[in-house]
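A.B. asks: Just passing along the structure, written as structure tokens.
The values are calculated or read from the model by the stated rules, or taken from the named source; none is laboratory data. No experiment lies behind these values; they were computed from the predicted model shown. Neighbour counts run over all protein chains shown; Cβ positions are idealised from the backbone, glycine included.
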Amino acid sequence: MRLPRSLNTLLAVTLTAAVHLGAWAQAAPTDSAPLAATIPIADVHMHLYRGLTPEELRAAMDRNNVRWGGGVGPVGPGYDPQDFARLLGPRYFPAGAQAEQYVMHESGGSNELQNTESPRFKALLETLAGQFERREITGIGELVLNNHRSSYAPSFRRKVRIDADAFQAFYGMADKYQGFVQIHMDDDSDSIRELESVAQRYPKVPFILSHCLTRAPARTARALLERHPNLYCETSYRSTVRNGAPALQPYMIHDASSAQSAWIELIEAMPERFMVGSDIYTKDVSYDAVIGAIRTGLLAKLSEPTLRKVAHENAVRVFRLPAVSP
Ligand SMILES: [Zn+2]
């Protein structure tokens with residue numbers, strides 16, 4: 001059958017547009033938009049970094065109605081999370097080991113990270129135990145264990161076993177103190193196998209996967225989350241507003257106005273397992289823009305019950321966050 005010429009043209013234009021747009025769900029206003037614009041957020045990937053003051057961080061959180069923030073640590077040495085805790089109180093939930101691991105990797109690379117005989121490692125275990133006892137931390141991370149594809153800086157790259165004894169010491173400690181572990185890892189099949197073995201070995205520990213495995217497709221995340229009830233994803237750094245590099249576009253989950261439909265389907269299918277974060281570690285990135293895009297590009301694309309969970313309800317449950325007044 002021959003279609004009328006005008007219909008043919010329309011069909012061609014529509015098909016071209018569909019191919020060009022890939023699987024981006026478009027920016028149609030949804031019923032969720034007003035709630036997405038105002039709901040309190042828990043930022044589960046909120047670092048401390050050079051030049052950031054406690055007052056600035058609190059102002060940024062207040063401006064954006066980010067009620068809680070943390071889940072990771074300072075990006076390197078030279079910061080005292082307690083300065084931030086004093087100002088933010090129970091709104092701040094920092095994790096341990098990140099700054100120390102930065103120093104260990106700088107000085108001795110992957111070997112130092114995994115060396116359970118290293119004086120630095122032994123000191124870190126003692127530090128963590130003290131921090132858990134004093135309730136200065138409620139978890140461990142961001143443990144950067146495999147970023148050989150997702151790091152631009154060669155000196156920061158490493159790939160170590162997720163189930164190495166040194167890291168199992170951390171997971172065991174999280175288990176003991178009912179804490180969480182947040183891990184940054186690329187989705188290599190060997191790393192995933194190692195992750196699955198520790199998820200099984202420590203079933204009471206919530207493992208939060210930073211950036212949802214950095215570049216993993218939704219189907220990889222789905223398979224893992226289906227197999228292990230103690231695995232969670234947070235979506236930081238997978239927003240074009242946080243990370244505009246053209247080469248990384250295929251790995252993005254959302255921009256400021258739309259989201260990938262495969263991810264929206266996955267989040268709706270497993271609404272208890274996703275959280276959001278900012279992952280800012282330099283002063284040249286706008287917290288307002290990054291949180292704004294989470295609201296308009298991601299949360300507004302979700303159903304209301306799901307967006308409530310992703311915005312903060314999951315984080316309150318997984319990170320055991322206290323109720324705080326707005
Ligand atoms: Zn990070």
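A.B. asks: Of the numbered conditions (1) within 16 Å of the ligand (Cβ to nearest atom); (2) touching a helix residue (DSSP H, G or I) at 6+ places or on another chain (Cβ under 8 Å), residue 192 fails exactly one; give the number of that condition.
C.D. replies: In the conditions (1) within 16 Å of the ligand (Cβ to nearest atom); (2) touching a helix residue (DSSP H, G or I) at 6+ places or on another chain (Cβ under 8 Å), residue 192 misses (1) alone.
A.B. asks: Can you find a residue that is within 16 Å of the ligand (Cβ to nearest atom) and closer than 26 Å to residue 93 by Cα anywhere in the stretch 254-272?
C.D. replies: No, the stretch 254-272 contains no residue that is within 16 Å of the ligand (Cβ to nearest atom) and closer than 26 Å to residue 93 by Cα.
A.B. asks: Being in contact with a Phe, Trp or Tyr (Cβ under 9 Å, 6 or more places away or on another chain), more than 17 Å from residue 212 (Cβ to Cβ) and aromatic (Phe, Trp, Tyr) is true for just one of 232, 281, 287. Which residue is that? Break it down stepwise before answering.
C.D. replies: Numbers: 232 fails: more than 17 Å from residue 212 (Cβ to Cβ); 287 fails: in contact with a Phe, Trp or Tyr (Cβ under 9 Å, 6 or more places away or on another chain).
281 is the lone residue from the list that is in contact with a Phe, Trp or Tyr (Cβ under 9 Å, 6 or more places away or on another chain), more than 17 Å from residue 212 (Cβ to Cβ) and aromatic (Phe, Trp, Tyr).
A.B. asks: Just one of 295, 238 is basic (Lys, Arg) and more than 16 Å from the ligand (Cβ to nearest atom); which is it? Before you say what the answer is, go through the steps one by one.
C.D. replies: Values: 238 fails: more than 16 Å from the ligand (Cβ to nearest atom).
The conditions single out 295.
A.B. asks: Test residue 133 against the criterion of being modelled with pLDDT of 95 or more and farther than 29 Å from residue 320 by Cα, and give yes or no.
C.D. replies: Criteria not met by residue 133.
A.B. asks: Residues of the stretch 187-202 being assigned to a helix (DSSP H, G or I) and not aliphatic (A, V, I, L, M), which ones?
C.D. replies: 189, 190, 191, 193, 194, 196, 197, 200, 201
A.B. asks: Turning to a different aspect of this structure: Kindly provide the set of residues from the stretch 199-234 that are basic (Lys, Arg) and more than 16 Å from the ligand (Cβ to nearest atom), ordered by number.
C.D. replies: 201, 204, 219, 222, 227
A.B. asks: Name every residue in the stretch 122-179 that is among the basic types (Lys, Arg) and within 16 Å of the ligand (Cβ to nearest atom), in order of residue number. Spell out how you get there, then give the answer.
C.D. replies: Initially, the stretch 122-179 is screened for residues among the basic types (Lys, Arg), giving 122, 134-135, 149, 157-159, 161, 176.
Within the stretch 122-179, 149, 157, 158 meet the criteria.
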